[in-house]
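Peer 1: Please find one structure pasted underneath; my questions will follow.
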Amino acid sequence: MALFEAQNLRKRFGARVVLENISLSIEDGTVHGIMGPNGAGKTTCFHVLTGHHAPDAGRITFAGRDITGKKPHQIARMGISRSFQIMNLFDDTVVIENVILALPEFRSSGLNPIRDVFGNTALIDRALAVLDQVGLAHRAWEKAAALPYGERRALEIAVALAPEPRIVFLDEPTSGLGTDATRALADLIRDLRNRYTICLIEHDMRFLFDLADRISVIHWGQVIDENTPANLRANKWVARSALGEVA
Amino acid sequence: MPMITLSDIPARGGSPFTPAMGVFLLALSTAPFWLPAVGLYQYLGIEVAIWLIFALGFNLLFGYIGLHSFGHGAYLGIGAYAFGLFQQEIAVSLWGGLLAAISAATIAGGIVAAFISHRRGIYYALMTIAFGQIFWFCAIKLHGVTGGEDGLLGIPRPDFVLGPIRFSLADNTSLYWFSAVLLALVAIGLWRLVNAPFGRVLQAIRQNETRARFVGYDVWRIKWLTFTLSAAFAGLAGGLFSMAQESAYPDVMSLHQSGLIVMMILVGGGLVSFWGPVLGVILYFVARDVIGGITETWLLWFGLMFVIMVMSRPEGIAGLIHVARTRLGHAPAGRSAPKPTEV
Ligand SMILES: Nc1ncnc2c1ncn2[C@@H]1O[C@H](COP(=O)(O)OP(=O)(O)OP(=O)(O)O)[C@@H](O)[C@H]1O
Ligand SMILES: [Mg+2]
């Protein structure tokens, strides 16, 4: 059985139906890509999968458990992590604290009025190791808001990885990155795929086709195709919109 | 220069007995001796202590988690009425009265928080005002219970009784000592709380509620808890207030009081430092008594100072101090935590 499954998700805002009928099935240990034109409903789909919006219909299961309608914090605690297309960081504080706040060891002591935060070297070492994965360890004690754009994107990923989730949802991680940074990110994801199941939305076709085991194409709030990158090249929409750059 | 926030001041682990706490406790424990010498009076000490308990608790909500309540006077008032009603209807008892004050404010705060904790920003602020007005209206209209516009008069000051120790709080000096001890406990407790993981989580929620949710924090519950806690401190302050005034009346919970506490916090720098509210409260009362001794229009001057402060250094006095120390090279700028080697 797949690790993460969504069946016939439907979501509308007022009269506007954004997700018509979305079904996804993500196997354990794979990289699952999601592509589609702007406004297709990809981000909304992530919002529904991670509890930000409850679906109007449909069912979401994770590791055999029904998680439909669960709250974001409950979903996060089960081992489902995500990054955001529009960055969401703790900007007033230092880089390392962004990661510490996401560590389950910290969270479980989060309401403890006695323990020290920065006196706990084990916690700091853990956070530094996470930052090291994305190449940010040298920035640990700088203010998050002061980082350049590319490093903020990297931090966004570090925060998603910090809890050692079973599955990570990444919403357009390459957006706004230059070629070097994109290549570094591809290396990182190749490295991570051995440890996490990854689902990513991408507009960069070369990036996605290189990394993904399977790809779902979303259009008009529906999955219009789902296949391996090799087989998808035959899809009419994919061929028309993007394959020019891939092949 | 970017705005400074509470997160710019280093988190301090371990002991709350920092130099700032030392100065604070020293001032607290010597006030009755020098207050008359500088031309002030004991009752001022009581007022300051009460407002400091109110302000330090309120800043957990306003500064740390960044939820802007403009109706917190209500919980001060509820504490005051609850203390008075306990003395008049149940028994003349210090601890009973204070417990009633804290409980009533906590329950009222908990109920209101349940209605507003899914909001933030302007809607949150408006709802706190609306609930504040409801409580104020009840205080005026429920004559039978609250005494209407006159309020509860002749609330006794019960004796302090703890095991074999018993003394009267009838004179202002002894009531000051009692309030000062409570304030010291509140300050030490809250200092510890905001520097512990709990305080960091509050600040995380202030910075980005969505992110906090997606890394696993039950944001609604923490917002609820923080509002309720701050109402509990307001209730304690209210109980002491009705002891000090020997009465409880609707003005205690007016919108004016709610605005005053916000102004004190902003002027002092509660958005920047744990000690901001302390500076703000002291400055307000000194302005009232010193400038007020010179001119009737002291509030105008205080208001003007508030305007200038908000326009030039919105982080308040604590922000000014922080900037000055950074320039002099004493404070670590732009870093909210000591590096591991310094811990
Ligand atoms: N909360 C909302 N209320 C109303 N409409 C919404 C809401 N969220 C998204 N939409 C609409 O749903 C549609 C899909 O948006 P979504 O952000 O999911 O697209 P996307 O596939 O991620 O696009 P992009 O590639 O540009 O990121 C858009 O037309 C958007 O305007
Ligand atoms: Mg999107």
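The values are calculated or read from the model by the stated rules, or taken from the named source; none is laboratory data. All values reported here derive from a predicted model rather than from experimental measurement. All Cβ positions, even for glycine, are placed from backbone atoms using ideal geometry, and neighbour counts span all protein chains on display. Keep in mind that these areas ignore ligands, DNA and RNA; they rest on the heavy atoms of the full protein, side chains included. Shrake-Rupley method; radii C 1.70, N 1.55, O 1.52, S 1.80 Å.
Peer 1: Can you name the condition, by its number, that A:GLY135 falls short on among (1) surrounded by fewer than 19 Cβ atoms within 10 Å (Cβ to Cβ); (2) assigned to a helix (DSSP H, G or I)?
Peer 2: A:GLY135 satisfies every listed condition except (2).
Peer 1: Could you identify the single residue in A:ALA122, A:ALA137, A:ALA154, A:ALA160 that is among the small types (Gly, Ala, Ser) and within 10 Å of another protein chain (Cβ to nearest Cβ)?
Peer 2: A:ALA160
Peer 1: Could you tell me whether any residue of the stretch B:163-175 is modelled with pLDDT under 90, aliphatic (A, V, I, L, M) and open to solvent by less than 10 Å² (accessible area, probe 1.4 Å)?
Peer 2: Checked against the condition, which is being modelled with pLDDT under 90, aliphatic (A, V, I, L, M) and open to solvent by less than 10 Å² (accessible area, probe 1.4 Å), the stretch B:163-175 yields no hits at all.
Peer 1: Right, something else. Checking B:LEU52 against (1) in contact with a Phe, Trp or Tyr (Cβ under 9 Å, 6 or more places away or on another chain); (2) part of a helix (DSSP H, G or I), only one condition comes out false. Which one?
Peer 2: (1)
Peer 1: When A:ARG240 is evaluated against the numbered criteria (1) at pLDDT 85 or above; (2) open to solvent by 40 Å² or more (accessible area, probe 1.4 Å); (3) not in a loop (DSSP other than H, G, I, E, B), which criterion, by number, is the only one it fails?
Peer 2: Failed condition: (1).
Peer 1: Sticking with this one: Any idea how many residues of the stretch A:47-98 are within 16 Å of ligand 1 (Cβ to nearest atom), open to solvent by less than 20 Å² (accessible area, probe 1.4 Å) and away from chain B (no Cβ under 11 Å)?
Peer 2: 2
Peer 1: Please go through the stretch B:204-216 and give me each residue that is at the interface with another protein chain (Cβ under 7 Å from one of its Cβ atoms) and in a helix (DSSP H, G or I), ordered by number.
Peer 2: Across the stretch B:204-216, the qualifying residues are B:ALA204, B:GLN207, B:THR210, B:ARG211, B:ARG213, B:PHE214.
Peer 1: Here is a follow-up. Just for helices (runs of 4 or more DSSP H) wholly inside the stretch B:83-189: which have at least 2 residues that are among the hydrophobic types (A, V, I, L, M, F, W, C)?
Peer 2: B:94-116, B:121-141
Peer 1: Right, next: Name the single residue that is least open to solvent (accessible area, probe 1.4 Å) among those in the stretch B:211-220 being farther than 18 Å from A:LEU161 by Cβ and free of Cβ contacts under 8 Å to residues at least 60 places away in the same chain.
Peer 2: B:VAL219
Peer 1: Identify, from the list B:VAL219, B:VAL201, B:VAL186, the residue that is within 10 Å of another protein chain (Cβ to nearest Cβ), in contact with a helix residue (DSSP H, G or I) (Cβ under 7 Å, 6 or more places away or on another chain) and closer than 30 Å to B:PRO19 by Cβ.
Peer 2: Only one candidate passes the filter, namely B:VAL201.
Peer 1: Say we look at the stretch B:222-260 and pick out the residues that are buried (at least 23 other Cβ atoms within 10 Å of the Cβ) and in contact with a strand residue (DSSP E or B) (Cβ under 9 Å, 6 or more places away or on another chain); which of these is nearest to the other protein chains (Cβ to nearest Cβ)?
Peer 2: Residue satisfying both the conditions and the ranking: B:GLY238.
Peer 1: Taking interchain pairs and intrachain pairs at least six residues apart, which have beta carbon atoms under 6 angstrom, with the first residue in the stretch A:1-17 and open to solvent by 40 Å² or more (accessible area, probe 1.4 Å) and the second within 12 Å of ligand 1 (Cβ to nearest atom)?
Peer 2: Note: pairs meeting the criteria are A:ARG10/A:LEU19.
Peer 1: Here's something else I'd like to know. So B:ASP150 fits all but one of (1) more than 18 Å from B:TRP95 (Cβ to Cβ); (2) in contact with a Lys or Arg (Cβ under 8 Å, 6 or more places away or on another chain); (3) among the charged types (D, E, K, R); what number is the exception?
Peer 2: For B:ASP150, the failing item is (2).
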